[in-house]
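Everything below concerns the one structure shown next.
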Amino acid sequence: MKREESEFAVIGGGLVGAAIAWGLARLGKQVAMLDEGDIAWRASRGNFALVWVQSKGLGMPAYAAWTRRSSDGWAAFADALGEETAIDVAFRRPGGFALCLSEAELEARAAAMHRLHNQPDMIPYPYEVVHRERLRALLPAIGPEVAGGIFSPLDGHCNSLRLLRALHAGLQRRGGKYLSEHVVDRIEQRQGMFALATSAGEVRAARVVLAAGNGNARLAPMVGLAAPVRPQRGQVIVTERVEPFLHHPMLSVRQTDEGTVMIGSSTEEVGFDDHVGAPVLAAMAARAIRIFPCLGRLNVVRTWAALRVMSPDGFPIYSQSMTHAGAFLATCHSGVTLAANHALVLPPMLEAGSLGTELAAFGGKRFDVSAHG
Amino acid sequence: MFRRTVESTAATISLVVDGNEVRARAGESLAAALLAEGLLSFRRSAVSGVPRGPWCLMGACFECLVTIDGARQRACMIRAVDGMHIETGEGRRRLLP
């Protein structure tokens, strides 16, 4: 059995792990990124690719601020990644809409945005309620049932498959090691070093970052942490390519940089099952056609499902271990939106050995029902 | 660029490609028939307008879309059939007027 040794071991080769690993490598750290094989549950290959701000953070203003910060950092992040790898991840931030099919739906969404912004400690960000008449000038393709929508100039999108590839390429260009087919079975700390027993031999590192998505639920207790995440299925439809006609991303519909139209945003609690199903797909397609009737003329070329990584309150978890010094955990369902933070903000904290105060609200202990901690 | 390397007893059939008669072998994929004819660009990118042609040849990439008897189809997933009418070169397809 071979043995790898490095300063940091990042467990997880998806968007969260790869962003952190690349960020650490940019700081000059020796990094080994451990990944499963092609059969892993890869939210990073099935997501909707929004870089989304509006509506996030109701119940946790710190999440709204963290999201906003990543969104603001995304352009520089994409530029840095592009310079290092020559991969254009097609980041655009034209502002995005959440569209509503009735006045009641629009009122409910506007009220939720109002509540979000009325929270104590909430740092407000720009958004507006756009009613049908003005919306038609901005989105001529909307159908007769669209009552209006919420617009935020902070919302954007990217090509998330290229993002994943660029992060992997960037890591390896910086000398980081990518260890695929390394399923972590056990983590032990001995004489200040972490020893990771994997399906392909032992990997040793001074520090370890758990970024294994839904796998974090299993791994976290090995270093005295808790990450009670569960899979939440989302299904996606993609159409054939057409000339660009949607110039803003929508919460459930967006046209990609390559001309295809993606339809998404379903949520199902079905455990570890990433099959697609006609009833949900049909409902998604029907709603998309009510929003943009012209979509009915497009051929669907593919459908898929992927599993979000969902915590009990829906917010990310960032933790550092009190029992295993040097062990950290990062998990969220917005690996695209938060990629800029994971690559540029989190790594200096990991290097310093302590998560910053802005992450204090995100600890996994918030799910602990017992009195201690 | 592409040529048939295997001898075959399959019947020769006739297709109409962009108004021109093209000979093919019964049973071969339409993409193979068009490539053997020397046609490399099947369509144009919907976004940039650059030429596109068959890439994966297994139905995954959708780069070889052509219009077959009025319907857009992947040429690599369709067998050439005698008398088929094929139109290539679809460009930046507009969805809105």
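Couple of notes before you dig in:
- DSSP H segments from chain A that extend 18 Å or more along their own axis, Cα-based, with Kyte-Doolittle mean of 1.0 or above: A:278-291
- Helix-derived mean residue ellipticity, 222 nm - over the protein assembly as shown, DSSP H n ≥ 4, -39500 (n - 2.57), to 500: -7000 deg cm²/dmol
- Within 10 Å of each Cβ in B:67-75, the average number of Cβ atoms from other chains: 1
- Shielding value for A:236-245 is 4, the average number of Cβ atoms from other chains within 10 Å of each residue's Cβ.
- Nitroxide proxy distance, nm - points 7 Å out along Cα→Cβ at A:VAL270 and B:MET1: 4.1 nm
- Whole-Hz Karplus values for region A:41-50 come out as 7, 9, 4, 5, 9, x, 7, 9, 6, 7 Hz, taken residue by residue from phi with 6.51 cos²θ - 1.76 cosθ + 1.60 and θ = phi - 60°; glycine and proline positions read x.
- Percent antiparallel among DSSP beta bridges (both partners in chain B, rounded to 5): 85 percent
- Computed over region A:96-153, relative contact order equals 57 percent, with contacts defined as Cα pairs under 8 Å that lie 6+ residues apart.
- Rg to Rh, two decimals, where chain A supplies the alpha carbon set and Rh follows Kirkwood: 0.98
- Rounded to 5, percent antiparallel among DSSP beta bridges of chain A: 70 percent
- Extent along principal axes [Cα atoms of region B:12-87; Å; largest to smallest]: 36, 25, 23
- The spread of Cα positions in region A:96-153, taken along each principal axis and listed from longest to shortest, comes to 39, 23, 13 Å.
Coordinate-derived values only; no laboratory data. No experiment lies behind these values; they were computed from the predicted model shown. Positions of Cβ are backbone-derived with ideal geometry, glycine not excepted, and every protein chain shown enters the neighbour counts.
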